[in-house]
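The values are calculated or read from the model by the stated rules, or taken from the named source; none is laboratory data. Computed from a predicted model, the values in this text were never measured in an experiment. So basically every Cβ, Gly included, is an ideal-geometry build from the backbone, and we count neighbours across all protein chains shown.
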Amino acid sequence: MSAQSSAMARQPASEVLVIGAGVAGLATALAAAPRAVRVLDAGAPGGDGASIWAQGGIAAAVGTGDAPAQHAADTLAAGQWRNDPVAVRHLTERAPDVIDWLERLGVRFDRDGDGALLLGREAAHGRMRIVHARGDATGAEVMRALTRAAVRCAHIAVAPQCRAFALARADDGRVVGAWAWNGHAVELWPARAVVLATGGYAALYRHTTNPAGNDGGGIALALAAGAAVADLEFVQFHPTALALPEASGQLPLLTEALRGAGAVLIDGSGQRFMPAEHPLAELAPRDVVARAVAARTLAGHAAFLDARAAVGAAFPEHFPTVFAACMRAGIDPRTQPVPITPAAHYCMGGVRVDADARSSLDGLYAVGEAACTGVHGANRLASNSLLEGLVFGRALGQHLAAALPAAAAGAALPCPRTYAPLDAATRAALADVLWTYAGLVRDEAGLAHAATRIAAWRATREPGASAADLLDLAAALIAAMRARRECVGAHWRRDVRAAA
């Protein structure tokens with residue numbers, strides 16, 4: 001049903017409207033007290049976003065001999081020094097306090113027999129600094145605590161099953177709310193500040209570790225309103241998703257913590273291949289490991305994650321989420337190597353924001369994976385994703401609590417979009433095109449073909465329909481990949497020479 005054929009309702013105005021109910025959105029909402037906050041959740045409360053699937057943990061320099069400066073150095077190196085150093089310092093210096101804050105909210109982090117935080121190591125980290133909860137269920141545990149805290153806060157109201165599809169603008173250009181589809185009708189949600197916390201766009205790919213809703217919808221509506229975006233070409237592919245025959249869409253993730261615990265990557269003959277690829281072997285940056293795995297699978301050879309010696313019988317206790325996923329697929333990781341494939345995992349690009357999370361449009365902010373703060377550079381360091389959403393979400397909430405913008409001069413203009421989701425057939429075809437031509441390794445010929453296919457789909461869309469927004473985002477993604485003629489971090493082109 002379209003917005004044009006539905007009755008439009010106006011919700012009461014709020015001070016802050018947060019679009020997205022993952023860690024970044026809820027951290028913003030909680031920290032914005034006592035401001036009246038409304039949170040639009042496109043799915044069921046606390047259960048449908050990408051945050052709940054996060055296995056790896058949260059990076060923080062809380063161990064003996066570690067320091068935020070060392071965490072920052074690892075973040076910059078993984079990002080190929082394309083990061084914003086100020087944003088990186090902000091992230092790493094506030095990480096220990098975020099761990100304390102989460103514990104005060106009731107997050108139950110894993111601890112050793114002496115009660116100290118149990119720290120793990122993941123790829124490209126020089127220290128043991130990854131804090132986990134329930135082994136490989138960190139995202140779920142953090143979301144449990146944040147959701148419980150939000151429900152108990154009188155200043156927060158959550159609207160489930162409510163998908164924003166257009167930003168509301170006043171006649172002076174300011175963003176003054178959002179138009180959303182609640183499953184029955186279109187509603188205007190007015191606010192003095194609008195925060196996009198909608199996640200990234202990795203679910204646009206055929207093989208992904210993300211739920212279907214992580215399709216870049218928030219970035220697309222910001223783009224449609226004229227907001228600046230940045231670094232869309234930097235899409236990170238996780239090297240170890242569970243390879244399932246003929247599967248597409250979301251694949252089970254095999255957390256990087258497994259390699260941090262000593263699991264190795266082997267080929268069909270049982271031989272390790274990462275020591276020949278990088279001095280850190282299985283703990284090399286994700287882009288290096290992912291390309292090594294892809295090179296073997298594209299050549300028709302199998303690749304496996306072998307945790308038999310490193311984890312073995314302790315799998316159900318230490319990695320319960322991965323163990324359950326493998327067993328559902330008929331694989332016992334205690335006694336069998338697990339088949340793997342790279343999958344689209346995380347997007348470093350998004351809505352361009354400044355140090356206060358402000359976009360290029362007055363009244364519009366963005367945090368978490370929907371935002372491009374510059375903190376990740378060309379390649380995100382493992383376990384900095386939950387951390388980014390928490391650190392920058394809290395900082396934005398505190399900023400809005402202290403300095404909420406004045407109300408716009410005018411009321412919201414009429415809704416600029418017709419609600420009409422992208423049809424399933426086009427969505428599936430787009431996923432195939434992006435996977436084939438804009439995936440882990442790209443070239444100009446493939447990207448040009450993708451651009452032509454996407455342009456043809458865009459030409460058939462009804463003008464003003466929200467279905468066009470995802471296609472516009474895909475077109476912007478392809479354009480960014482074509483414009484960057486270099487190999488750096490997660491952006492790898494076979495038709496240009498790699499930097500030394």
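Out of the residues in region 118-157 that are in a strand (DSSP E or B) and aliphatic (A, V, I, L, M), state the one that is surrounded by the fewest Cβ atoms within 10 Å (Cβ to Cβ).
From region 118-157, those in a strand (DSSP E or B) are 119-120, 130-131, 156-157; that's our starting set.
In the following step, the residues that additionally are aliphatic (A, V, I, L, M) were identified as 119, 130-131, 156-157.
Working: Leu119: 22, Ile130: 24, Val131: 28, Ile156: 22, Ala157: 16.
Applying the filter and picking the extreme gives Ala157.
Consider Arg308 against the criteria (1) more than 30 Å from Arg493 (Cβ to Cβ); (2) surrounded by 21 or more Cβ atoms within 10 Å (Cβ to Cβ): it satisfies all of them except one. Which criterion is unmet?
(2)
Which residue, of Glu462, Glu444, is among the acidic types (Asp, Glu), in contact (Cβ under 8 Å) with a residue 40 or more places away in the chain, within 30 Å of Val175 (Cα to Cα) and surrounded by fewer than 15 Cβ atoms within 10 Å (Cβ to Cβ)?
Details: Glu444 fails: within 30 Å of Val175 (Cα to Cα).
Going through Glu462, Glu444 in turn, just one is among the acidic types (Asp, Glu), in contact (Cβ under 8 Å) with a residue 40 or more places away in the chain, within 30 Å of Val175 (Cα to Cα) and surrounded by fewer than 15 Cβ atoms within 10 Å (Cβ to Cβ): Glu462.
If you check Ala95 against the conditions, is it within 21 Å of the chain's Cα centre (by Cα), modelled with pLDDT of 95 or more and either assigned by TED's automatic domain parsing to the domain that holds Ala32 or buried (at least 17 other Cβ atoms within 10 Å of the Cβ) (or both)? I'd like the intermediate steps shown before the answer.
Details: within 21 Å of the chain's Cα centre (by Cα): yes; modelled with pLDDT of 95 or more: yes; either assigned by TED's automatic domain parsing to the domain that holds Ala32 or buried (at least 17 other Cβ atoms within 10 Å of the Cβ) (or both): yes.
The answer is yes for Ala95.
Which members of region 63-75 meet the condition of being surrounded by 19 or more Cβ atoms within 10 Å (Cβ to Cβ) and in contact (Cβ under 8 Å) with a residue 40 or more places away in the chain?
Residues satisfying the conditions are His71, Asp74, Thr75.
Anything in region 422-463 that is assigned to a helix (DSSP H, G or I) and among the β-branched types (Val, Ile, Thr)? List them, or say none. Before you say what the answer is, go through the steps one by one.
Let us first name the residues in region 422-463 that are assigned to a helix (DSSP H, G or I), namely 424-437, 444-460.
Of everything in region 422-463, those that are assigned to a helix (DSSP H, G or I) and among the β-branched types (Val, Ile, Thr) turn out to be Thr426, Val433, Thr436, Thr452, Ile454, Thr460.
Exactly one of (1) surrounded by fewer than 21 Cβ atoms within 10 Å (Cβ to Cβ); (2) of a type in the set (A, V, I, L, M, F, W, C); (3) in contact with a strand residue (DSSP E or B) (Cβ under 6 Å, 6 or more places away or on another chain) is unmet by Ala243. Its number?
(1)
Pull up region 246-262, narrow it to residues that are part of a helix (DSSP H, G or I) and aliphatic (A, V, I, L, M), then point me to the one that is surrounded by the fewest Cβ atoms within 10 Å (Cβ to Cβ). Even if it seems obvious, please write down each step before you answer.
First, the residues of region 246-262 that are part of a helix (DSSP H, G or I): 257-260.
Filter once more, keeping what is aliphatic (A, V, I, L, M): 257-258.
Details: Ala257: 26, Leu258: 28.
Of everything passing the filter in region 246-262, Ala257 is surrounded by the fewest Cβ atoms within 10 Å (Cβ to Cβ).
Quick check on region 465-480: of everything there that is surrounded by 18 or more Cβ atoms within 10 Å (Cβ to Cβ) and not hydrophobic (A, V, I, L, M, F, W, C), which residue is farthest from Ala431 (Cα to Cα)?
By that ranking, first place goes to Ser466.
Quick check on this structure: which one of Leu386, Leu422, Leu413, Leu400 is closer than 30 Å to Asp74 by Cα and among the hydrophobic types (A, V, I, L, M, F, W, C)? So that I can check it myself, show each step before the final result.
Numbers: Leu422 fails: closer than 30 Å to Asp74 by Cα; Leu413 fails: closer than 30 Å to Asp74 by Cα; Leu400 fails: closer than 30 Å to Asp74 by Cα.
Result of the check over Leu386, Leu422, Leu413, Leu400: Leu386.
Scan region 338-360 for residues that are outside any strand (DSSP E or B), at pLDDT 95 or above and not acidic (Asp, Glu) and jot them down.
Of everything in region 338-360, those that are outside any strand (DSSP E or B), at pLDDT 95 or above and not acidic (Asp, Glu) turn out to be Met348, Gly349, Val353, Ala357, Ser359, Ser360.
Give region 99-117 a look and list any residue that's in contact (Cβ under 8 Å) with a residue 24 or more places away in the chain and in a loop (DSSP other than H, G, I, E, B), or say none.
Residues of region 99-117 that are in contact (Cβ under 8 Å) with a residue 24 or more places away in the chain, as a first pass: 99, 101-102, 105-110, 117.
Passing the criteria: Leu105, Gly106, Val107, Arg108, Phe109, Asp110.
Might you let me know whether region 279-289 holds any residue that is surrounded by 15 or more Cβ atoms within 10 Å (Cβ to Cβ), assigned to a loop (DSSP other than H, G, I, E, B) and at pLDDT 95 or above? I'd like the intermediate steps shown before the answer.
Keep residues of region 279-289 that are surrounded by 15 or more Cβ atoms within 10 Å (Cβ to Cβ), which gives 280-289.
Applying the additional criterion that residues be assigned to a loop (DSSP other than H, G, I, E, B) yields 280, 284-285.
Within this subset, residues satisfying the condition of being at pLDDT 95 or above are none.
No; the residues of region 279-289 include none that is surrounded by 15 or more Cβ atoms within 10 Å (Cβ to Cβ), assigned to a loop (DSSP other than H, G, I, E, B) and at pLDDT 95 or above.
Kindly list the number of the only condition in (1) in contact with a strand residue (DSSP E or B) (Cβ under 6 Å, 6 or more places away or on another chain); (2) modelled with pLDDT under 95 that fails for Ala157.
For Ala157, the failing item is (2).
Look through Arg497, Arg417, Arg461 and report the one residue that is among the basic types (Lys, Arg), out of contact with any Asp or Glu (no Cβ under 6 Å at 6 or more places or on another chain), under 30 Å from Ala124 (Cβ atoms) and modelled with pLDDT under 95.
Details: Arg417 fails: under 30 Å from Ala124 (Cβ atoms); Arg461 fails: under 30 Å from Ala124 (Cβ atoms).
Checking each option against the conditions leaves just Arg497.
Examine region 403-421 for a residue that is outside the structural domain of Arg127 (by TED's automatic domain parsing) and not in a loop (DSSP other than H, G, I, E, B), and state whether such a residue exists.
yes
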